[in-house]
Amino acid sequence: MTASPKDNLIDWLRDAHSMEEQAEKMLTAQSARLEHYPRLRQRIEQHIRETQEQRQVIESLPEPPGQQPLHPQGPGRQVDGAGPGHRRRPHER
């Protein structure tokens, strides 16, 4: 069974949100270790702000009717598969 374009878009948005969250965590940790490299730290902090803005754009989207939320929050979030943000589609289970 082939996923519809709408299902593909929803999956892509979920993946994008997960990637932005992971990037923010990784960049924040990296920034904390760059105290002796102020120019690099400044650029990483700029990238963190850009990442937060991109995550907020996804979070501002309306939830798709009849679907799981685009940006599940909290410990109930289930992500499985090949890498961060990869969610199995119903036909892949």
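What follows draws every value from the coordinates through simple rules; no lab data is involved. The structure presented is a predicted model; accordingly, all values stated were derived computationally and were not measured. Because the Cβ atoms are built from the backbone with ideal geometry, glycine has one as well, and the counts that use them run over all protein chains shown.
About its Cα centre, the stretch 10-61 has a charge dipole of approximately 320 debye under the convention of +1 per Lys or Arg Cβ and -1 per Asp or Glu Cβ, with nothing else charged.
A DSSP coil position with no more than 10 other Cβ atoms inside 10 Å describes none of the trypsin sites (Lys or Arg not before Pro) in the stretch 35-72. Restriction of the GluC sites (Glu not before Pro) in the stretch 30-65 to DSSP coil positions whose beta-carbon has at most 12 other beta-carbons within 10 angstrom yields GLU35.
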